[in-house]
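The values are calculated or read from the model by the stated rules, or taken from the named source; none is laboratory data. Just so we're clear, the structure is a prediction, and the values are computed from it rather than from any experiment. Neighbour counts are summed over all protein chains in view; Cβ atoms, including those assigned to glycine, are modelled from backbone coordinates with ideal geometry. Note: areas computed on protein heavy atoms with side chains; ligands, DNA, RNA excluded. Shrake-Rupley method; radii C 1.70, N 1.55, O 1.52, S 1.80 Å.
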Amino acid sequence: MSVSRRREARLLDASENDLVGRSHRPGLDAVDDAGLSDLIRLLRERRDRARDVSRRQRREVRGKSAPSGAHPATDNSGTREKAALLAAAVKRVSKESERRRNARARSKTVSGARRALTLKQAAGYPHENRPPSRTAKNGMMSVPNETMAPSGALNQEGQEIAMRRGGGPR
């Protein structure tokens with residue numbers, strides 16, 4: 001749900017209103033990367049404080065804790081809305097930070113790929129002297145197996161013993 005600027009000004013104090021105003025689009029574009037991280041940090045601090053106050057007020061309303069101010073809290077809807085506004089601002093600024101980080105990474109990848117392409121083109125084409133097709137010419141060459149004994153001599157070795165045990169030739 002979008003909240004009007006007038007409602008934001010009513011819920012937030014002057015410094016918080018300035019921070020949230022900088023988190024909206026026209027003001028967000030003017031912030032540099034270092035300022036963006038500072039803005040995120042400040043918004044998170046304010047959001048956490050508003051969230052803690054809202055929780056404390058909710059406990060006071062339920063009677064779970066003693067009142068911390070001059071008057072006991074009767075409702076925490078204002079601080080809850082304030083925390084929600086600050087959380088939305090943190091989300092906007094974090095999203096912008098992530099978008100900028102991805103844009104930097106993308107440009108770095110693209111520039112690296114272009115550099116690799118120029119290096120590859122500068123190296124020339126190493127395969128330009130190859131024939132247009134690779135043929136076997138004379139066909140396959142037989143390769144003798146050196147580990148195998150000639151004429152099956154190893155196979156005959158065990159047969160003599162088997163013939164002696166068996167009682168004679170088969």
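Here are a few things to note about the model shown:
- Some residue of region 27-34 being under 16 Å from A84 (Cβ atoms) and among the acidic types (D, E): no
- Here A70, A122 are screened, and the one residue that is out of contact with any helix residue (DSSP H, G or I) (no Cβ under 6 Å at 6 or more places or on another chain), of a type in the set (A, V, I, L, M, F, W, C) and in a loop (DSSP other than H, G, I, E, B) is A70.
- The listed residue being open to solvent by less than 50 Å² (accessible area, probe 1.4 Å), over 30 Å from S4 (Cα atoms) and modelled with pLDDT under 80, out of G158, G124, G167, G112: G158
- Residue within region 51-63 that is part of a helix (DSSP H, G or I) and touching a residue at least 40 places away in the same chain (Cβ under 8 Å) present: no
- Tally, over region 18-47, of residues that are open to solvent by 50 Å² or more (accessible area, probe 1.4 Å) and either assigned to a helix (DSSP H, G or I) or touching a residue at least 12 places away in the same chain (Cβ under 8 Å) (or both): 15
- Condition check for R100: under 30 Å from A34 (Cβ atoms), in a helix (DSSP H, G or I) and open to solvent by 70 Å² or more (accessible area, probe 1.4 Å): no
- Filtered residue count, region 51-90, keeping only those that are open to solvent by less than 80 Å² (accessible area, probe 1.4 Å) and either among the charged types (D, E, K, R) or within 19 Å of L12 (Cα to Cα) (or both): 19
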